[in-house]
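To keep things clear, I will list the structure first and then write my remarks on it.
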Amino acid sequence: GRLVGDVDFEDVSTVAGAITPVPGGIGPMTIACLLANTLEAAKRTVS
């Protein structure tokens, strides 16, 4: 197989409170939050 992520999903899914798959996971949400923060910083700089 190929290596993706940093944990063995099958092993930790029985003990972890929450886990997201790789690829996918929370990456898109992280990018959206970074863009929102960047936009807010730009607005504050202009005003």
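Residues in segment 1-13 that are loosely packed, with under 10 Cβ neighbours inside 10 Å and not in a loop (DSSP other than H, G, I, E, B) were compared, and the one that is modelled with the highest pLDDT is ASP11.
Restricting attention to segment 14-25 and to residues that are among the hydrophobic types (A, V, I, L, M, F, W, C) and surrounded by 10 or more Cβ atoms within 10 Å (Cβ to Cβ), the residue that is nearest to ARG2 (Cα to Cα) turns out to be VAL22. Per the listing ALA42, ALA36, the residue uniquely at pLDDT 80 or above, surrounded by 10 or more Cβ atoms within 10 Å (Cβ to Cβ), assigned to a helix (DSSP H, G or I) and under 17 Å from the mean Cα position of the chain (by Cα) is ALA36.
For segment 14-26, residues that are modelled with pLDDT of 85 or more and under 13 Å from the mean Cα position of the chain (by Cα) total 0.
The values are calculated or read from the model by the stated rules, or taken from the named source; none is laboratory data. Treat the numbers as computed from the prediction; the structure is a model and nothing was measured. Note that each Cβ is placed from the backbone with ideal geometry, even for glycine, and that neighbours are counted across all protein chains shown.
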